[in-house]
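Where a number appears in this text, it was derived from the coordinates with a stated rule and is not lab data. Given the structure is predicted, the values throughout are model-derived calculations rather than measurements. Cβ placement follows ideal geometry from the backbone for every residue including glycine, while neighbour counts extend to all protein chains displayed.
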Amino acid sequence: MKTSIKDIAKSLDISTTTVSKALNNKPGVSHEMRMKVLKKAKELGYVVNSLARGMKTSKTFTVGVLISDIKNPYFSEVISSIERVLYAKKYNLIICNVGENPGKEREYLELLVSKKVDGIIAAPSAEGQNLSVYRKLIRYGMKIVLFDRLVDSIQADSVVVDNRSATYEAVKYLDNLGHKKIGAIYGIEGSYTGHERLKGFLEAVKDFKIECHNDWVRSGEFKEEKSYKHAIEILSKKDRPGAIIAMNNFTTLGVMRAVKDLNIKVPDELSVIGFDNAEWMKVCSPAVTTVVQPTDVIGMTAATLLLDAIENDVPNLPHHVVLKTSLLERESVAPSGK
């Protein structure tokens, strides 16, 4: 037989209202009483009925999170901080790995609606083929927060980094060290992150009068193997850049593999700047100088914006949060030998 709130109240000789407030972390109960209720609930084997709680409040206390690649450490780190914030408020997560597949993204959006989630945190697929679906969901009252990728035509809260400034500052850093021949392997040009990072790079190349041939700048599509292939092609040329910027962690890994296979000494013969801060970058030799995104802050901000929209349910103009990246100096960059 299941233990109920009434059972806990009876055993402690207090009201069911006091028990309910204590269990749901509501005001009006002292810390000592809350601890006493929680202890008794545990002793009696009380389990919160989330479904019943959701029915009473017309909420399911469930949030959907859509990402493009769960293997990408960037997304894992962001999800971790989202989970910490939502867990503290007793919300559950449904994580959907869409793999840059618009059809799969649409199916997952339909699934989340069928599960009656209270809100969605999403990094939309690069091709942006489901904009009409997102707009329709927002029109019908779904709370949505975008992260990593900003889509102007979707009127929703968003959290991104200043991707353009990130790569611009990376080129500036290399220029200050005397590098005048710089290449790059960027991501998916049709995605917000891919486009913005490439644009920042090209603007800096122009501003600092950097030598950069077209065949030194290739799309690795944020994939290790494709980035590896292009890095081999760029670095095998007789006339090659003295520095290269990789624009996400998988791209950085592809570049470092190519450097190893070509037996190019980093940073003596080639300087490398990566993107993101995957664990392997700290321990490889040489350790990789990289552009760091504040993944903790991205996740916490996205979760907080969504909770605010869900719990206050007051229409506001969308909040657009743009965070700064930082350049973490390690061992893969050295002054140019000219």
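For region 129-142, putting each phi into the Karplus relation 6.51 cos²θ - 1.76 cosθ + 1.60 with θ = phi - 60° gives couplings of 7, 10, 4, 5, 5, 4, 4, 5, 4, 5, 4, 8, x, 5 Hz, in residue order, rounded to whole numbers and with x for Gly and Pro. So I have (1) 1.14; (2) 1.23; (3) 2.14, and one of them is Cα Rg over 2.2 N^0.38 Å calculated from this model. Which one is it? Of the labelled values, this structure produces (2).
Where both bridge residues fall in the chain, DSSP classifies roughly 10% of the beta bridges as antiparallel. Distances between placed amide hydrogens fall under 5 Å for His319 paired with Asp157, Ser158, all partners being 5 or more residues away or on another chain. For a test of the definition: using alpha carbon positions, the gyration tensor, and the 1.5 limit on a/c, classify region 226-338 as rounded, prolate or oblate. Since a/c reaches 1.5 and a/b is larger than b/c, the shape of region 226-338 is classed as prolate. Using C-alpha pairs under 8 Å with a sequence gap of at least 6, the mean separation divided by the residue count of region 163-293 gives a relative contact order of 24 percent.
Would you mind classifying region 160-200 by shape? Square roots of the alpha carbon gyration tensor eigenvalues, ordered a ≥ b ≥ c; an a/c under 1.5 is rounded, otherwise it is prolate if a/b is larger than b/c and oblate if not. The shape class here is oblate. Amide H contacts of Ala122 (H built 1.01 Å from N, in plane; Pro and chain starts excluded): Leu66, Val145, Leu146, Phe147 sit under 5 Å, all sequence-distant by 5 or more or on other chains.
Shown here for region 276-336: trypsin sites (Lys or Arg not before Pro) in loop regions (DSSP other than H, G, I, E, B) with at most 14 other Cβ atoms within 10 Å, namely Lys324.
Annotation: amide H-H contacts under 5 Å for Leu93 (H modelled 1.01 Å from N, sequence separation of 5 or more, or interchain): Val63.
Working from Cα pairs under 8 Å separated by at least six residues, relative contact order for the chain is 16 percent. Which shape class, rounded, prolate or oblate, goes with region 163-293 when its Cα gyration tensor gives a ≥ b ≥ c as root eigenvalues, a/c under 1.5 marks rounded, and past that a/b bigger than b/c marks prolate? Cα axes put region 163-293 in the rounded bin.
Taking the C-alpha atoms only, the angle from helix 249-261 to the longest principal axis of the chain is near 40 degrees.
Against the longest principal axis of the chain, how steep is helix 192-207, in degrees 0 to 90 to the nearest 10, with axes from Cα atoms? With both axes taken from Cα atoms, the answer is about 40 degrees.
Note: relative contact order over region 5-48, using C-alpha pairs below 8 Å and six or more positions apart, is 32 percent. Computed from Cα atoms, the angle from the helix 163-176 axis to the main principal axis of the chain rounds to 40 degrees. A simple rule links phi to the HN-Hα coupling: the Karplus curve 6.51 cos²θ - 1.76 cosθ + 1.60 with θ = phi - 60°, which for region 291-297 gives 7, 9, 8, x, 4, 4, 5 Hz, with x for Gly and Pro.
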